[in-house]
1. So if I check each of A:D109, A:D127, which one is more than 20 Å from A:I26 (Cβ to Cβ) and away from every other protein chain (no Cβ under 14 Å)?
2. Test each condition in (1) buried (at least 19 other Cβ atoms within 10 Å of the Cβ); (2) part of a helix (DSSP H, G or I); (3) under 12 Å from the mean Cα position of the chain (by Cα); (4) not polar (S, T, N, Q) for A:M28 and report the one that comes out false.
3. Being more than 14 Å from chain B (Cβ to nearest Cβ), touching a helix residue (DSSP H, G or I) at 6+ places or on another chain (Cβ under 8 Å) and not hydroxyl-bearing (S, T, Y): is that true of A:F143 here?
4. Output the residue which, of all residues in region B:49-88 that are touching a helix residue (DSSP H, G or I) at 6+ places or on another chain (Cβ under 6 Å) and basic (K, R), is nearest to A:L118 (Cα to Cα).
5. On the given criteria, is A:K38 out of contact with any helix residue (DSSP H, G or I) (no Cβ under 7 Å at 6 or more places or on another chain), in contact (Cβ under 8 Å) with a residue 40 or more places away in the chain, under 16 Å from A:F90 (Cα atoms) and not acidic (D, E)?
6. Residues of region B:17-54 being basic (K, R) and surrounded by fewer than 16 Cβ atoms within 10 Å (Cβ to Cβ), which ones?
7. Can you pull out the residues in region A:68-93 that are more than 13 Å from A:N21 (Cα to Cα) and within 14 Å of chain B (Cβ to nearest Cβ)?
Amino acid sequence: MLSINSLLSSDCILIQPNVKNKASLIKMLIERLEAAGKTNNTELLYKDVMDREELSSTGLNYGCAVPHAHSTALEQTSIAAALLNSGIDFNAQDGYPARLIFLIVGPKDQTGLHLKLLSKMARILNDQEFREILLNVNTEKDFIYQIKNRED
Amino acid sequence: MKLLVFVLNNEEYLEKVLEIYAEAGVAGATILDSEGMGRFLAYEVPLFAGFKEFMKGNRPYNKTIISVIRDVSVIKNLKKNINKLTGGLNKPGTGIMFTVPVDWAVGLVPEEEEI
């Protein structure tokens with residue numbers, strides 16, 4: 001069954017990184033994906049994600065954002081995530097800056113999986129109780145544990 | 001008695017489709033303007049805007065034709081002619097046709113008034 005936790009490893013999670021804006025956060029997340037061996041073309045991946053950002057907002061309401069892109073810069077769909085102390089602007093409809101950010105990137109031939117992941121992410125992030133739990137974790141391991149717990 | 005549902009992706013065929021229905025003996029049908037889920041997500045929900053590039057070539061809107069069929073034997077002929085017209089509903093993006101059983105209905109065109 002499709003699961004977010006199976007595509008997200010603890011080395012691709014940033015807990016309260018020192019980051020000021022969307023572009024630098026996305027760069028940091030992509031660097032984590034590179035370090036985890038998910039991509040070796042960070043420039044192209046960054047460009048594809050930022051091109052998608054140009055298209056329309058990936059900010060969900062309630063301080064969450066799901067930047068994403070289809071890209072030839074990687075062969076498998078991958079996820080990186082960040083929990084921020086103070087939010088950054090993702091142009092969400094409700095105007096709230098995002099503190100929970102999930103970057104979903106995948107090859108162009110995995111659009112079905114991509115669509116399912118985006119939809120699932122939007123659904124579980126709509127759960128206020130779950131958001132509160134995620135916002136209060138202190139470690140990468142706990143972050144993944146809470147996602148797995150919510151998905152099970 | 002069956003409910004015949006036909007989602008016709010190429011709206012240009014609508015007139016011909018209705019001629020086929022009439023010829024087959026379908027007395028009445030309701031035609032709805034409709035749109036596919038993919039189109040709606042890609043164009044109406046900002047989160048899914050990135051999927052627009054995968055919608056290229058797809059038709060944004062379609063017609064959904066629903067009709068209660070009293071004499072189910074007409075469906076065979078109707079299906080054959082619809083397939084001829086559209087090139088076959090097995091071709092992706094052409095349309096979807098299905099029936100479901102109807103156990104009761106009221107307000108249908110009386111059989112004697114059927115075309």
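1. On the way: A:D109 fails: away from every other protein chain (no Cβ under 14 Å).
Every option except A:D127 fails the conditions.
2. (1)
3. Details: more than 14 Å from chain B (Cβ to nearest Cβ): yes; touching a helix residue (DSSP H, G or I) at 6+ places or on another chain (Cβ under 8 Å): yes; not hydroxyl-bearing (S, T, Y): yes.
Yes; evaluated as a whole, the condition is true for this residue.
4. Checking each candidate, the answer is B:K52.
5. Against the criterion (out of contact with any helix residue (DSSP H, G or I) (no Cβ under 7 Å at 6 or more places or on another chain), in contact (Cβ under 8 Å) with a residue 40 or more places away in the chain, under 16 Å from A:F90 (Cα atoms) and not acidic (D, E)), A:K38 does not qualify.
6. Filtering region B:17-54 for residues basic (K, R) gives B:39, B:52.
The one that is basic (K, R) and surrounded by fewer than 16 Cβ atoms within 10 Å (Cβ to Cβ): B:K52.
7. Going residue by residue through region A:68-93, those that are more than 13 Å from A:N21 (Cα to Cα) are A:68-81, A:83, A:92-93.
Hits for region A:68-93 are A:H68, A:A69, A:H70, A:S71, A:T72, A:T77, A:A92, A:Q93.
Coordinate-derived values only; no laboratory data. All figures in this text were calculated on a predicted structure; none of them were measured in a lab. Because the Cβ atoms are built from the backbone with ideal geometry, glycine has one as well, and the counts that use them run over all protein chains shown.
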